[in-house]
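Report on the structure given below.
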């Protein structure tokens, strides 16, 4: 493969890792103590540092530490946390007006965002789009749309799924702690089916797509195919551990949805918008959902989400049945239009692919040089390392926590995830420079090597 140079617009912060103090430093510690006195403890934190500036692949904290950003605000600031074109369009909109509510008086940017999504999401059919604010809102509205179109109540979801923190999306999410613990009762019309995790197949099933699909169909029939409005799947399961499903699984779900008249909803909230080297991760599977969900990187940090899909489905709800006070806020729409402009030349998708090449070059050898790395997986700039005991595959959440903590102390921001908490996930900005990427990966590689000893 021809090497692609990672392209980075001139950032406002030096793109080098620098430790002025320990991490977290004294100023961050003082601010965190104030946070603890003022903010509900229900909000967790991956790394208790307070940010002063951020740009490109660097976050600079209030103590002067420059940290390599391998989190992107959980796949949100894919174009950097101070993207200039996003800031310019938002600033211009601020001068015109901040808010009107699209359901009261309209503005063109809302329609322009919908038009881009209609044209660029997978599927050669007439589409419509609705804009909302959060990913969970997009998921819930997709269920409303599917129910309105089909007249059916049930929703099929999958092992290791994550779809949000609202009441309905908590029920759809697989992981109990911390997402569902103590928050029941939850909506009852949610049915869970086997996924096709190549490393950890569903209990009692062999690896591969065929057995998982047979199990999914059996689940559909057990509960009555005529009761299902939608099946909702992430093309790469995010919080579940960045799981790339077995080859053929998502195309098989497409066939099952068609067979039983179920709306296939593809949740691209974390994996979409260029993160995997294509605009949408479902393109790797050559599958188009009836509805596709976007959020997170859609407006590069300004809250915006969308449901895009077949026109006849999207138009099924009655007028006034969809919406929200802040849905498609004009500032967020302008931010999204700035994001779309920057995908036009293809460089961001090339960067995502190059990030994967570099990361695999450095991380893949750890599967053989240590006995704790069970898997290195993902696509593009959505990558993960799973830790487990050799032979037994017993999950090692302690190692994921240890490795991530070592990275934090050395000035690299990483996140953990996974049903068992034993995965370190990497979500660097698509604009990160290669030297900075390699420096961060070297820190991660050393942390893993040290933990293995």
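The values are calculated or read from the model by the stated rules, or taken from the named source; none is laboratory data. Quick caveat, the model's predicted, so the values are computed rather than measured. Neighbour counts are summed over all protein chains in view; Cβ atoms, including those assigned to glycine, are modelled from backbone coordinates with ideal geometry.
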Could you check, for the stretch 359-376, whether at least one of its residues is without any contact (Cβ under 8 Å) to a residue 40 or more places away in the chain and part of a loop (DSSP other than H, G, I, E, B)? yes
Just to check your reading of the model, which residue among 332, 352 is more than 14 Å from residue 430 (Cβ to Cβ), part of a helix (DSSP H, G or I) and modelled with pLDDT of 95 or more? 332
Applying the selection to the stretch 251-267, what residues are crowded, with 24+ Cβ neighbours inside 10 Å and either touching a helix residue (DSSP H, G or I) at 6+ places or on another chain (Cβ under 6 Å) or at pLDDT below 95 (or both)? 263, 264, 265, 266
For residue 445, the lone unmet condition from (1) closer than 27 Å to residue 66 by Cα; (2) touching a strand residue (DSSP E or B) at 6+ places or on another chain (Cβ under 7 Å); (3) touching a residue at least 60 places away in the same chain (Cβ under 8 Å) is (2)
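Which one of these is within 26 Å of residue 101 (Cβ to Cβ), more than 23 Å from the chain's Cα centre (by Cα) and surrounded by fewer than 24 Cβ atoms within 10 Å (Cβ to Cβ): 338, 390, 311, 406?
On the way: 338 fails: more than 23 Å from the chain's Cα centre (by Cα); 390 fails: within 26 Å of residue 101 (Cβ to Cβ); 406 fails: within 26 Å of residue 101 (Cβ to Cβ).
Being within 26 Å of residue 101 (Cβ to Cβ), more than 23 Å from the chain's Cα centre (by Cα) and surrounded by fewer than 24 Cβ atoms within 10 Å (Cβ to Cβ) holds for just one of 338, 390, 311, 406, which is 311.
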Please specify each residue of the stretch 146-166 satisfying the condition of being under 22 Å from the mean Cα position of the chain (by Cα) and closer than 15 Å to residue 191 by Cα. 155, 156, 157, 158, 159, 160, 161, 162, 163
Can you find, within the stretch 410-453, the residue that is surrounded by the fewest Cβ atoms within 10 Å (Cβ to Cβ) among those that are out of contact with any helix residue (DSSP H, G or I) (no Cβ under 9 Å at 6 or more places or on another chain) and over 19 Å from residue 373 (Cα atoms)? 435
Residue 176: passes all of (1) surrounded by fewer than 17 Cβ atoms within 10 Å (Cβ to Cβ); (2) touching a residue at least 24 places away in the same chain (Cβ under 8 Å); (3) out of contact with any helix residue (DSSP H, G or I) (no Cβ under 7 Å at 6 or more places or on another chain) but (2)
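Which fully enclosed helices (runs of 4 or more DSSP H) of the stretch 69-135 have 1 or more residues being surrounded by fewer than 22 Cβ atoms within 10 Å (Cβ to Cβ) and in contact with a strand residue (DSSP E or B) (Cβ under 8 Å, 6 or more places away or on another chain)? Please lay out each step first, then the result.
Working: elements: 72-75, 84-96, 108-120.
Qualifying helices (runs of 4 or more DSSP H): 72-75, 108-120.
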From (1) more than 30 Å from residue 374 (Cβ to Cβ); (2) at pLDDT 95 or above, pick out the condition that doesn't hold for residue 182. (2)
For residues in the stretch 21-39 being in contact (Cβ under 8 Å) with a residue 24 or more places away in the chain and surrounded by fewer than 13 Cβ atoms within 10 Å (Cβ to Cβ), which is nearest to residue 404 (Cα to Cα)? 22
Residue 310: passes all of (1) out of contact with any helix residue (DSSP H, G or I) (no Cβ under 8 Å at 6 or more places or on another chain); (2) more than 19 Å from residue 123 (Cα to Cα) but (2)
Matching residues, the stretch 377-405, being in a loop (DSSP other than H, G, I, E, B) and free of Cβ contacts under 8 Å to residues at least 12 places away in the same chain: 391, 392, 394
Take the residues of the stretch 291-302 that are in contact with a helix residue (DSSP H, G or I) (Cβ under 6 Å, 6 or more places away or on another chain) and in a loop (DSSP other than H, G, I, E, B): which is nearest to residue 139 (Cα to Cα)? 295
Of (1) under 25 Å from residue 89 (Cβ atoms); (2) part of a helix (DSSP H, G or I), residue 282 satisfies all except one. Which? (1)
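Just to be sure, is residue 156 touching a residue at least 24 places away in the same chain (Cβ under 8 Å), touching a helix residue (DSSP H, G or I) at 6+ places or on another chain (Cβ under 7 Å) and buried (at least 22 other Cβ atoms within 10 Å of the Cβ)?
On the way: touching a residue at least 24 places away in the same chain (Cβ under 8 Å): yes; touching a helix residue (DSSP H, G or I) at 6+ places or on another chain (Cβ under 7 Å): yes; buried (at least 22 other Cβ atoms within 10 Å of the Cβ): yes.
When the stated conditions are applied, residue 156 passes them.
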